[in-house]
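Input: a single structure, listed below in structure tokens.
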Amino acid sequence: MDNHVYDLVGVGIGPFNLSLAALLEDIPEIDSVFFDQKPHFDWHPGMLIVGTRLQVPFMADLVTLADPTNKYSFLNYLAQKNRLYPFYFLQRLDIPRREYNDYCQWVENELDNCRFGHKVVDLEYLENEGHYVVSVQNMETEEIGQYQAKNLVLGTGSSPRLPKAFQGFSSENVFHTAEFLDRQDRCRQAKSVTVIGSGQSSAEAFRELLKERMEHPYKLTWITRSRSFFSMEESKLTVEQFSPDYVNYFYRFPQEKKDEIFASQDLLYKGISSHTITDIYNLLYENSVSNEDMNVDLQVLTEVHDIKEKGDTYEISCHQWEQNHDFTHESDVVIVGTGYHPNVPPFIKSLSSYIAWDDKGRYEVEPDYRLRMNIPNQIYVQSGISHSHGVGSTNLGLAVHRNKIIINHLLGEEKFPIYDKYVFQNFDAEKF
């Protein structure tokens, strides 16, 4: 066991914990180390499609919204890569998703408190010592070391959600959109490809498949149970719901009301960006030139109930719910865009007796992102908190604000100023 007791040990290094690690580098009062089982930072690698954009402005980098002078800002990354002038002439606030990933990898390589290729496999709380023991496996040597920590921060992200009906088939033929780039060659060889779902990931996969139909003339189908392929709500006043103001407003509701509100906000985070829809329509229009049968279908209002193998292809059982009409559809490849679910690591169960859980089995979270616990040592959480903190919980634009709050709490003082108001509109009538 490493006898040193860290102030903070991080589990998982996605954008949220990488942001925290970067901000902590200039704060010597907090001794930290972060672990991730991946060999290096890689953000949704299966969806780093050329032409896809980050859905927030570049200012939602790892540090700028806390400290614009920080050396790990996106603009300094551009300067170090000699890309400032190309970005200046690009004249866009959004950036390619691949560039965001490269930026995060640049930050990762500069930091000393991040340990990739190390998987946290167990946690223990020593009540007499007043700290945690974190068991970490070196993925290369398979050796397990132990680290001591006063506090923890969980940034374990989310995992692809593949419904039971789509499980048990060849992963080359039936797969989640998270694996799209790894399976793209298989799609090119298929006679037919079907995309199921109408969120951003499904739309991006469909767009890429549509681009390639001139060279790979597979039959292409897109199915959604929604009434249409809806555009995400992106107007400037609407996106103020991804603000600290709205997080604070949402948090104060009782849990039953929070669940009701969250269920009504799909188009804030589940829709398709307007430029992606425009790209798709333009491609459909161009494909239709001198082409009476494009062999491309877009089917709305349709639920997929089941899928089964039928020789070398798959038979998909569909139900058009508005007409109450059942039908089947055959496809060689099925791509499932059914979203993600919070990744709560199994080792958290060893601490279950210390953690407060709600009646749906979700952990209860304090306003400052600490788990509600019956011990003094904290566990901060970066993911799996939509039920407590609302629709902006996975939004990169709020990552830095969250980390400001965590750092302030760890220090017991306001290192980073927190303001009462950040946006133009009021959500709380009591403040009107």
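The values are calculated or read from the model by the stated rules, or taken from the named source; none is laboratory data. These numbers were taken from a predicted model, which means no experiment stands behind them. Neighbour counts are summed over all protein chains in view; Cβ atoms, including those assigned to glycine, are modelled from backbone coordinates with ideal geometry.
Starting from region 246-259, keep only residues that are closer than 19 Å to Asn395 by Cβ, then list their pairs with residues that are surrounded by fewer than 17 Cβ atoms within 10 Å (Cβ to Cβ) and not hydrophobic (A, V, I, L, M, F, W, C) whose Cβ atoms are within a distance under 6 Å, requiring at least 6 positions of separation or different chains. Close Cβ pairs (under 6 Å, with a partner that is surrounded by fewer than 17 Cβ atoms within 10 Å (Cβ to Cβ) and not hydrophobic (A, V, I, L, M, F, W, C)) amount to Tyr249/Asp428; Tyr251/Pro367. With the structure loaded, tell me whether Leu20 is out of contact with any helix residue (DSSP H, G or I) (no Cβ under 9 Å at 6 or more places or on another chain) and of a type outside the set (Ser, Thr, Tyr) or whether it fails that test. When the stated conditions are applied, Leu20 does not pass them.
Counted as qualifying within region 117-196 are the strands (runs of 3 or more DSSP E) with 1 or more residues that are under 25 Å from the mean Cα position of the chain (by Cα) and of a type in the set (Phe, Trp, Tyr), namely 174-176. Flag: Arg188 does not match the condition of being farther than 20 Å from Val9 by Cβ, buried (at least 18 other Cβ atoms within 10 Å of the Cβ) and of a type in the set (D, E, K, R). Beta carbons closer than 6 Å, at least 6 apart along the sequence or on distinct chains, pair a first residue in region 316-335 that is farther than 14 Å from Arg227 by Cα with a second that is assigned to a strand (DSSP E or B) and aliphatic (A, V, I, L, M) for Ile316/Val304; Ile316/Ile307; Cys318/Val304; His329/Ile316; Val333/Val193; Val334/Val174; Ile335/Val195. Apart from one condition, Phe74 fits all of (1) surrounded by 14 or more Cβ atoms within 10 Å (Cβ to Cβ); (2) modelled with pLDDT under 95; the exception is (2). Just to be sure, is Leu65 modelled with pLDDT of 95 or more, in contact with a Cys (Cβ under 7 Å, 6 or more places away or on another chain) and surrounded by 18 or more Cβ atoms within 10 Å (Cβ to Cβ)? So Leu65 fails the test. Scanning region 340-391 for residues that are part of a helix (DSSP H, G or I), polar (S, T, N, Q) and over 20 Å from the mean Cα position of the chain (by Cα) yields a total of 3. Checking the structure you have, find out if any residue of region 383-403 is more than 23 Å from Leu268 (Cβ to Cβ) and of a type outside the set (A, V, I, L, M, F, W, C). Checked region 383-403: no residue is more than 23 Å from Leu268 (Cβ to Cβ) and of a type outside the set (A, V, I, L, M, F, W, C).
For region 305-355, filtering for residues that are outside the structural domain of Asn377 (by TED's automatic domain parsing) and basic (Lys, Arg) leaves 2.
Please work out if Leu210 is under 23 Å from Ser386 (Cβ atoms) and either not assigned by TED's automatic domain parsing to the domain that holds Glu286 or not small (Gly, Ala, Ser) (or both). No; evaluated as a whole, the condition is false for this residue.
For Asn291, the requirement of being touching a helix residue (DSSP H, G or I) at 6+ places or on another chain (Cβ under 7 Å) and polar (S, T, N, Q) is not met.
If you go through region 407-432 and keep only what is more than 14 Å from Pro244 (Cβ to Cβ) and among the hydroxyl-bearing types (Ser, Thr, Tyr), you end up with nothing.
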